[in-house]
Amino acid sequence: MSDRTAETGAIQISVVAPVYNERENIRVFVKEVLIALEALDNPGPHELILVNDGSTDGTEDELDACAKDHPGVLRVLHLARNFGMEPAIEAGLDRARGEAVIVLDSDLQDDPSAFAAFVEKWREGYDVVYAVRSSRQESLPRRALFSLFYRVLGHIAQIDLPVDASNFALIDRNVADALRAMPERNRFLRGLRAWVGYRQIGVPVARRARHAHRTRLGLRGQWKLAMNAIFAFSYVPLFVFRFAGLIALIFSLLLIAWALYYKLVVGLDIKAWASLLIATSFLGGINLLGIGVIGEYVARIHDEVKGRPNYIVRRSTEFPPAP
Ligand code: UDP
Ligand code: MG
């Protein structure tokens, strides 16, 4: 815990959650979070910041009604459109004033009763306390995909990414400030959070089943996150193609030697079109793949250089005056 409580308006704990089409969940969610906060040992002043990520299902009205029910605690940001989960979290982090910030999903899959364990570890002196999924309520193929992804990423990333760490975490003010200071656009919070260092610890938390709906992120959203994770934290995809290029080169050299041997020593002609076809298609394929990988990094550079904001806030409910 840092000693800047006075400076940051005395809020002890901020809770930040992205909200996208969670109309059926949001009231239960707010209730559960507030109960968990009140139940904390010496909770102190706290706030709940909900970021509506361009919901289209009436979540907006629900959120405004909730904000009226809990003045002084609940603050709602409405983004100008659906920017995605990571920008929505970023918008919340940018406005959180707490000495510690807890980030969690608003679809009731993350269990707010874990707050107590998080805060306990934080008060022990840890700067990042993240939930480690002790169970994943997903279909088997999805589970297998997730697990494969984390293991591959763990091997090729330049940082130590804890396996199965989720977005659900408490971060200290210092870490929140460090994260906010990063202008990076294609954000992968779990990666950046691990990257900043400090004292970090995982706490096992069972993931609950989806309450009122299927996934909002979907496989496409997960794919985007996975690509951000890989290309922001690893150069291995580039190296793979350098290596493949080398193998292809050796292979085609052998092919040439073989053709020359048949022609000069054995005296048999090999059909020119056959060897040409093998060589060109092989090298062509590798070239195209390699260009695709380079293109992925270039596109990301382009994205960073454009420097557009990651999100736009359309309107927000009044920020409660600091107690
Ligand atoms: N979410 C969001 N914007 C999006 C997609 C999702 O703010 O474009 C929120 C969503 O409301 C939820 C969290 O991000 O609180 C995680 O999304 P989801 O539950 O779909 O992810 P999954 O459980 O599939 O990992
Ligand atoms: Mg979910």
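A few notes on this one:
- Leading residue by the ranking (nearest to ligand 2 (Cβ to nearest atom)) among those in region 29-82 that are in contact with a strand residue (DSSP E or B) (Cβ under 8 Å, 6 or more places away or on another chain) and small (G, A, S): S55
- Only helices (runs of 4 or more DSSP H) whose full extent lies in region 94-192 are considered here, and the ones with at least 2 residues that are without any contact (Cβ under 8 Å) to a residue 60 or more places away in the chain and under 30 Å from V240 (Cβ atoms) are 140-156.
- Test: residue in region 111-129 that is under 25 Å from N310 (Cα atoms) and out of contact with any helix residue (DSSP H, G or I) (no Cβ under 7 Å at 6 or more places or on another chain): no
- In region 147-190, the residues that are under 20 Å from Y297 (Cα atoms) and among the hydrophobic types (A, V, I, L, M, F, W, C): F149, V152, L153, I156, A157, I159, M182, F188, L189
- Residue check, V313 under 28 Å from the mean Cα position of the chain (by Cα), at pLDDT 75 or above, exposed (fewer than 13 other Cβ atoms within 10 Å of the Cβ) and β-branched (V, I, T): no
- Test: F243 is at pLDDT below 75, exposed (fewer than 15 other Cβ atoms within 10 Å of the Cβ) and more than 30 Å from A88 (Cβ to Cβ): no
- One residue alone among W223, W258 is within 16 Å of ligand 2 (Cβ to nearest atom) and part of a helix (DSSP H, G or I), and that residue is W223.
- Of all the numbered requirements in (1) surrounded by fewer than 16 Cβ atoms within 10 Å (Cβ to Cβ); (2) away from ligand 2 (no atom under 16 Å from the Cβ), S139 misses one, and that requirement is (2).
- Tally, over region 83-133, of residues that are within 16 Å of ligand 2 (Cβ to nearest atom) and closer than 15 Å to A36 by Cβ: 11
- The single condition from (1) under 26 Å from the mean Cα position of the chain (by Cα); (2) modelled with pLDDT under 95 that A6 fails is (1).
- All of L161, L189 fail the test of being in contact with a strand residue (DSSP E or B) (Cβ under 8 Å, 6 or more places away or on another chain), closer than 25 Å to D111 by Cβ and crowded, with 16+ Cβ neighbours inside 10 Å, apart from L189.
- Residue within region 216-223 that is surrounded by fewer than 17 Cβ atoms within 10 Å (Cβ to Cβ), at pLDDT 80 or above and more than 16 Å from ligand 1 (Cβ to nearest atom) present: no
- Of all residues in region 43-65, those satisfying the criterion of being more than 23 Å from the chain's Cα centre (by Cα) and part of a loop (DSSP other than H, G, I, E, B) are P43, G44, P45, D57, G58.
- In region 197-217, the residues that are hydrophobic (A, V, I, L, M, F, W, C) and part of a loop (DSSP other than H, G, I, E, B) reach residues that are at pLDDT 85 or above and more than 11 Å from ligand 1 (Cβ to nearest atom) with C-beta atoms within less than 6 angstrom, at least six apart or across chains, in these pairs: A212/E24.
- When region 60-82 is filtered for residues that are free of Cβ contacts under 8 Å to residues at least 24 places away in the same chain and among the aliphatic types (A, V, I, L, M), only A65 remains.
The values are calculated or read from the model by the stated rules, or taken from the named source; none is laboratory data. None of these values were measured; they are calculated from a predicted model. Neighbour counts are summed over all protein chains in view; Cβ atoms, including those assigned to glycine, are modelled from backbone coordinates with ideal geometry.
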